[in-house]
Each structure stands twice: as structure tokens, then as C-alpha cells.
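Everything below concerns the one structure shown next.
The values are calculated or read from the model by the stated rules, or taken from the named source; none is laboratory data. Quantities reported herein were computed from a predicted structural model and do not represent experimental measurements. Positions of Cβ are backbone-derived with ideal geometry, glycine not excepted, and every protein chain shown enters the neighbour counts. Calculation scope for accessible area: heavy atoms of the full protein, side chains included, ligands and nucleic acids excluded. Shrake-Rupley method; radii C 1.70, N 1.55, O 1.52, S 1.80 Å.
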Amino acid sequence: MRREYKISVNEDWVSPEETLLDSSSDHQDLEVPISNSIFRASFFITAVLCAAIVIFVFDLSVRRYSYFAGIAFRNRSVNFSVPPPRGIIFDRLGRPLVTNEPVFDLLVISKEVNLGSAERMENAEKEKSEKSENIEIDRVADILGRDKSEFRTFLSDGVKNNSVFFARSGLNKNQVLEIKNLNPKGFYVVPNTKRRYVDGPQFSLVLGYVGKISKNELGVDDYYYPTDIIGRLGIEARYEEYIRGEHGRISFSTGGGSRLEADQPLTGAKLSGGQRESKVLNKDPAIGNSVVLNIDYDMQKRLFNELFNVLKDSNYSKAAAVVQDPRTGAVLAMASFPAYDNNLFVEGLSDNQFKGLFENKSRPLFNRAISGLYNPGSTIKPFMGMMALEEKIFSPSDTIRDCVGLTIVNPYNPNDVYIFNNWRIEYGFFNLKRAIANSCNVYFYIAGGGLPAGQAGYDNIKGLGVERIANYLKSAFADSRLGIDLPGEAEGFVPTPDWKLTARGESWYQGDTYNISIGQGDLLVTPLWLNSYISAIANGGTLYKPFVAKQILDSNKNVLMSFESELLGKLSFSEGTISEVKNAMLETTISGTAKLLGALPVKTGAKTGTAEVVKGRTVNSIMTAFAPFDDPEINITVLVEGGTSTNEGLAIRATYGFMKWYFEEYGNSVSYPQ
């Protein structure tokens, strides 16, 4: 019999889901309401995220649109930094000593140049295009007058290392036209300027030159780009940060084709090449500030020519000269031989020119006026005279008899005798005035080192001694740089017993003191220091810092900066002492070794000197002078290297020629650079 079963639903019914619940759970059902706090938190988080997205999108697309558009543009473009024209350098009367000449350079865009690949292209059209571009490159090499293989190597190296570089600077008119007609891919003719130095060799020592920036220098200053030039030596280097100007910028962007196309019209310049003549100039370059010097155009040329003529007539090649205003320390003219033409660096040096400048033993790039170290010879005697008077070794009226020589006998070996002779035999009495005028060595031997042991006379004078000599010289900055605003100034050297013992393992002898007392031995100074200390005698005792630059001007010739005279210190001598020595220097031109200067139309104070370089064979001829005597306005020092005893007057000749011209002709007419 069939049975029927029925299931009834009542309140105790268990849903299937409830069978899955943990028996220990406090919840009776999975279906429970979600808390309102969860909805509120979710809404808040969603709202914040949406707001952040809106703000971010607004920042990208609106607020910083220009910034990111610039990045996008640079990512599809090549940017070329346009070198700015450098500032002009003027002499003290505003005459230009250097100019900027407009030129055209050949610029290469690396991503456009196709030098060919090692593997043949599968695509015939690309292969044909590559052959055509190779022909273009060879044609460019022909236009530039370069070997095809070398030019390809040059381009290959340039493409690997730079996105933009110059293939040639200073194109001539025919080259510009030929390249424009050829219209080679990746080559652009761009406007530029090049430096032209007026009377290059005559001013190169002061102005210096410009050259391509090196890789090492690129990492030092963020200002520079690989296509830039930088000042080297002279004013060009010293005032580089003022002269160099501000870069312009040209941007080439990739268009629809494979070549770079311009995005804007060019303002202020035109480029040509790459199948079009449109380019973009985002920023015009700004010319650098100009520098006005204390250098006088006429004085500089005259000093150079006087020294050149003396060297030419005597067959010597090395010399230095400097002219200053003793009232301020301003450098009015400066020359150094052998000279060099700084225009050579603008055009680019050939191998022979490079060797002649950088491998030449005569060192034409070496500024002997500020970097050369020389024995001052007898030109140190005015300084020694001031020391002797100040320390009361001698009074102005004290005399020695005869200027012949002194003999020192070695106390440990009587057969060991040292003789210190005068440069010529003279008899009679010598006071300070006559000793300076006639350059009596014996007077200054005694003043500096005293009488030899065991030799009576002159009240057994002990002399200054090396310590006092060294201290006085150092107080006058003989062992220091004076701080002239030209690179490469050397500091002099004042020897001491401690130095000799340490450096040579030898004791200091009386003969060493004798030697430095007449400017020989190990005492070394620059011609600039000699001129500066004589200037101090001329002006009454003030040592000024020598300076070449006078003003910095902006592009509108407004004065941005002026350079005034700067006091370094005072000579450590009384006014009376300085006056006595100054009068003795006047006597030198009346009755002494510089009588030639007595023929000048003004009274002049002077001191001659010869410094023995190779004993008995070669000497340096030195001359220093100032005038007018009562109110000096110029001071000059001339040094000629490597003469013989018969040519000791070379420096005097050059000095006389310059001073005669200055006091008889200078100022009658003003000449201007051509």
C-alpha cells in the first residue's frame, strides 16, 4: 500500500544557508544589513579619488600645459644653443681692441645625417636614398675642401658624441651658396660671429684669445655647451663671466616626414639646408658685457714697437715691458716677446702653427711681464739703499773709498778665496747718491752683508744681514702676487738661510748676502713687481695693486662696474729716506748709467741693471724709470733677456724711445684702430 509523506513549514524551519554556519557563531543568519558607516566611508573615499583625478588632470592639461608641451616638443626635436656674441674690449679712450665679425657656420643635426650601415638594406628605395645621401656628404666635403674619407670619419665621431655639432666655422660666400644650392640632408648654414683682434700680436699679451670649450670644462660650469668658445689667457679669460653673453636657442622639430621641420618663423636670423629655409628661433642670443681697459691704444703700440725694434736690431727674441700710472697702479701698456697673433686661434691652428705656439721653447704664450721670474740685478739697489738708510747702516753723506771689489777668505782654508768685484773699476768716494747713480756693487755689498771678517775700515760695518733684507723685501710683497687682473701672475722668491738649509742642505754664507744685495743669487722677482716698487718710490711710498680693467659696460654702454685704485700697503721707510733715494735716481740720469734719459724734455728718475744669467756669457738688460720727476705720471720697466755685456744698454734704448715719444708726441693726435 502506498504511503504519502508531507513536509510542513513552521517557525522552526532551518534554511540551507544556516546549515553552513558555525555552531558556535553568535549570528543566526547570513543575511544581515550593512552598516551605514561603511557606505559613508566608501562614498568619501570615492569622492576624494575623483577630486584628485580631476585636480591632477587639470594640473596636467591646464596649469602645467606649457611645461609638458615643452617636454613633448623637446622629445620630438633637436635644440641648438646659439652661441652669443662676446662683449667688446675697449682701450681707456673707448677705442675697440676687438670686434665681432658676422660669419656663417655649417651645423650638423646628427639624427638627420645618414652615413650608411654595414648591412645592405632590404628595401631598394631606402638603399637608393642612402646612396643619394652619401653622394651629398661627399659633395659637402668637396665644398669644404676636405678629404672625403676624413670628413666621413669626422661626421661619424660627431654623430656618436653629439646631437648637434659644427662641421665648419667661418664659411665663405661661395661655400654658403653651394651648400644652399645642394641642400644636403642634416646640414644647416647658421649665422654666427667670430672674434677679430685689432693689431693681434701687439695686444695679444693683454687680451688673450678664445678657443673651443673642452669636455673637462663642460662639467665645471652649466653655462657652456659643446659648441661654445671660452676665453683663454688675458682679459678674455679673466673677465669671461662678463664677456660671454647669454645663449639663444634654435629648435628643430620632427614633422610628418623624416626630416626636421621648423615650428615657428625664425626671428632675427635665417638658416638654410635640409630642403627648406625655415627654422625656429625660440630665443635671441644676447651680446655679452663690454670691458673698458686702462690700456692706451697708442701707448701699447709704441711700447711693442720700441721693444720689437731693439730685439730685431740685436737678434734677440725675449723681452718684457710694463708701463703704469704710479698715482693709481693702472697698467697703461704691457708687452712680452716673443709675441703671438691671437687671430690664429679664431681661424683654427694648423699643425705647424700649433707646434710653433705650444712646443716652442721660447714660449710665446708666456707673459714674461707678470709670470717671468728674474734676478733684478742693480734695479734692486734703490730698495737696498732705503734699507741701509732706514737701519742707519749708512747716512746719506757716509762714503766708501773706491769701488773695486771685496775679498772673502775662508777662515778654515786660507787658500780658499772669494772675490766680489764691481762691474767696473772706479776710484774715489761713493756716498748713496753716487753709489746708486754709478751702480757701485761694493757699496751695496757692505750695506747688505757688512765687511768681510778681519778686514778693517768703515768703522767695521756689519751690514743689514739676510734676515732684515728678507723681512723688508717681504713687507713690500716681493715674494707675493700683487693681484693684477690677468691670469698667470707669479710670486717672487726671497731666499733665507732656513730655505737654503732645507732645500740644498747648505749653510748660508756672507757671499750669499752679498749676491742678493746687488740683485743676484737666488733672489727672483717679476718685472711687474720691479715696476710697482719703483712706482712707490715715485709717488712717495704707496704700493698700489696693478689693474688692467677700468669698467664693465652693458650692451647700452651703461656702467655696471668700475675698478678703482687699491692700496696694497706702504713702503716701510720714512718720507726722508724715500726722498733721498728718489733724488739718487734723478742723479742716475744726470751723471750716472742712464745719462741717455737726461736728454728727455722732462726730469726723470731711473735705475739701470744687468743680471748675470750664465756667468761670463749672458746677462739680462734691465731698465726702470719714472717721469716727470716732480709729479710722475708714468713709470716704465723694460727687461731684455740673454744679451752680452756689450748689449747691456738694450733696455735703456727701448725705455728712452718710448719716453721720448710719450713726452714729445703723445696726445698731439689720437689714432684709431683700423
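Things to note:
- Checked against (1) more than 17 Å from residue 184 (Cα to Cα); (2) out of contact with any strand residue (DSSP E or B) (no Cβ under 9 Å at 6 or more places or on another chain); (3) modelled with pLDDT of 90 or more, residue 98 passes all but a single condition, namely (2).
- Verdict on residue 320 being touching a Phe, Trp or Tyr at 6+ places or on another chain (Cβ under 9 Å) and within 24 Å of residue 524 (Cβ to Cβ): yes
- Residue within segment 163-182 that is of a type outside the set (S, T, N, Q), open to solvent by 50 Å² or more (accessible area, probe 1.4 Å) and without any contact (Cβ under 8 Å) to a residue 12 or more places away in the chain present: yes
- Contact map, segment 187-206: residues that are more than 16 Å from residue 79 (Cα to Cα) and without any contact (Cβ under 8 Å) to a residue 40 or more places away in the chain paired with residues that are open to solvent by less than 10 Å² (accessible area, probe 1.4 Å) and part of a strand (DSSP E or B), Cβ distance under 8 Å, separation 6+ or inter-chain. No pairs are found.
- Just one of the listed residues (428, 463, 483) is touching a Gly at 6+ places or on another chain (Cβ under 7 Å), modelled with pLDDT of 90 or more and over 19 Å from residue 623 (Cα atoms), namely 463.
- Test: residue in segment 299-307 that is in a helix (DSSP H, G or I) and acidic (Asp, Glu): yes
- For segment 307-354, the set of residues classified as under 24 Å from residue 547 (Cβ atoms), open to solvent by 30 Å² or more (accessible area, probe 1.4 Å) and over 20 Å from the mean Cα position of the chain (by Cα) consists of 327, 328, listed by residue number.
- Wholly within segment 366-450, helices (runs of 4 or more DSSP H) carrying at least 2 residues that are more than 22 Å from residue 470 (Cβ to Cβ) and in contact with a Ser or Thr (Cβ under 6 Å, 6 or more places away or on another chain): 368-371
- Hey, residue 137 surrounded by 15 or more Cβ atoms within 10 Å (Cβ to Cβ), of a type outside the set (S, T, N, Q), at pLDDT below 90 and part of a helix (DSSP H, G or I) or not: yes
- Residue in segment 328-351 that is at positive phi and touching a Ser or Thr at 6+ places or on another chain (Cβ under 6 Å) present: yes
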